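The values are calculated or read from the model by the stated rules, or taken from the named source; none is laboratory data. None of these values were measured; they are calculated from a predicted model. FYI the Cβ positions are ideal-geometry reconstructions off the backbone, even for glycines, and counts take in every protein chain you see.
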Amino acid sequence: MTHVSPARKQSEKALYGGTGSRRITVRDIAAAKERAEKWPMLTAYDAMTASVFDQAGIPVLLVGDSMGNCHLGYESTVPVTMDEVALLSAAVVRGTRRALVVGDLPFGSYQEGPVQALRNATRLVKEAGVGAVKLEGGERSAHQIELLVQSGIPVMAHIGLTPQSVNAYGGYPVQGRGEEAAQQLLRDAKAVQDAGAFAVVLELVPAELAAEVTRSLQIATVGIGAGPDCDAQVLVWTDMAGMTEGRVPRFVKSYAQLRQGLGDAARAFAEDVVGGAYPAEEHSFH
């Protein structure tokens, strides 16, 4: 009988860098929390990009309603529809083998109550094949989360700055500043955990408060503009890769400059066409 060392078993189970080939599940997320293992999450909106991230080992991909801003040309996430999320979620699922794909429930798809939330979440699971859904709100969304989880649909919650409420906020302010706001955020975090969420996104939250929430919860916290102490970190992929035009949020770190590189490639192609250098003999058929 072959002996496998504990260190090797640990490596095989790792969310990022693990050697397993099966789909990541919410049980793997819970196990990573117990191991105090940090892990990355990125957004994805199409099969080709999703396959790149999947092959890079990103364990969780979010088909976020951020597609509205960076993929569909909307000014905010508010106009995004269920049809759009379902279509792009299915593409991401088809482009991946290992990553847990989480589909976002867009504005207006769950606010009416648990029954509406279940209907639309079920659609993402059945039509698109996602492994979990995400919705915004703490205490106010607890009943929706509870019904989804009881119905067999894993839920990632989202508290702090909730972009679907941009019209109510009047912008994108940091959340949880001040004692009253901090206590409300802690109540929201506890409420989504008690409702059965397997993880919770903390967006634009002071680092100290996010650290306190992470320590107080048994479920994973996913930070975006919430400091270094969360269990995981997520970025919109176009921000991460330098595709976003203009100013990006303070919390963003760009790891490439794909917008410049893609523009350079397009200009080089255009110049070859105009100058007659493309197509050359090796690109032609006879």
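Table for the structure above
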| item | result |
| --- | --- |
| Residue check, L124 part of a helix (DSSP H, G or I), touching a strand residue (DSSP E or B) at 6+ places or on another chain (Cβ under 8 Å), at pLDDT 95 or above and farther than 25 Å from L185 by Cβ | yes |
| Residue match in segment 42-50 (condition: in contact with a Pro (Cβ under 9 Å, 6 or more places away or on another chain), in contact (Cβ under 8 Å) with a residue 24 or more places away in the chain and either surrounded by fewer than 15 Cβ atoms within 10 Å (Cβ to Cβ) or farther than 20 Å from L105 by Cβ (or both)) | no |
| Residue identified as part of a loop (DSSP other than H, G, I, E, B), within 15 Å of V133 (Cα to Cα) and not basic (K, R) among Y45, Y74 | Y45 |
| Matching option when the condition is part of a helix (DSSP H, G or I) and within 27 Å of G103 (Cβ to Cβ), among A182, A197, A210, A157 | A210 |
| Residue in segment 93-105 that is at pLDDT below 95, within 23 Å of G223 (Cα to Cα) and either under 17 Å from the mean Cα position of the chain (by Cα) or not in a helix (DSSP H, G or I) (or both) present | no |
| Whichever residue in segment 218-258 is of a type in the set (D, E, K, R) and modelled with pLDDT of 95 or more and, among such residues, is surrounded by the fewest Cβ atoms within 10 Å (Cβ to Cβ) | K253 |
| Qualifying positions in segment 262-286 - under 30 Å from T244 (Cβ atoms) and among the aliphatic types (A, V, I, L, M) | L262, A265, A266, A268, A270, V273, V274 |
| Identity of the residue in segment 88-112, free of Cβ contacts under 8 Å to residues at least 12 places away in the same chain and either among the small types (G, A, S) or over 12 Å from E136 (Cα atoms) (or both), that ends up surrounded by the fewest Cβ atoms within 10 Å (Cβ to Cβ) | E112 |
| L147 more than 16 Å from G113 (Cα to Cα) and outside any loop (DSSP other than H, G, I, E, B) | no |
| Matching residues in segment 248-283 - criterion: being assigned to a loop (DSSP other than H, G, I, E, B) and closer than 30 Å to L161 by Cβ | V248, P249, R250, F251, V252, K253, S254, Y255, A256, Q257 |
| Residue in segment 131-154 that is touching a His at 6+ places or on another chain (Cβ under 8 Å), within 24 Å of T77 (Cβ to Cβ) and among the aliphatic types (A, V, I, L, M) present | yes |
| Test: residue in segment 187-204 that is within 25 Å of I24 (Cβ to Cβ), without any contact (Cβ under 8 Å) to a residue 40 or more places away in the chain and out of contact with any helix residue (DSSP H, G or I) (no Cβ under 6 Å at 6 or more places or on another chain) | yes |
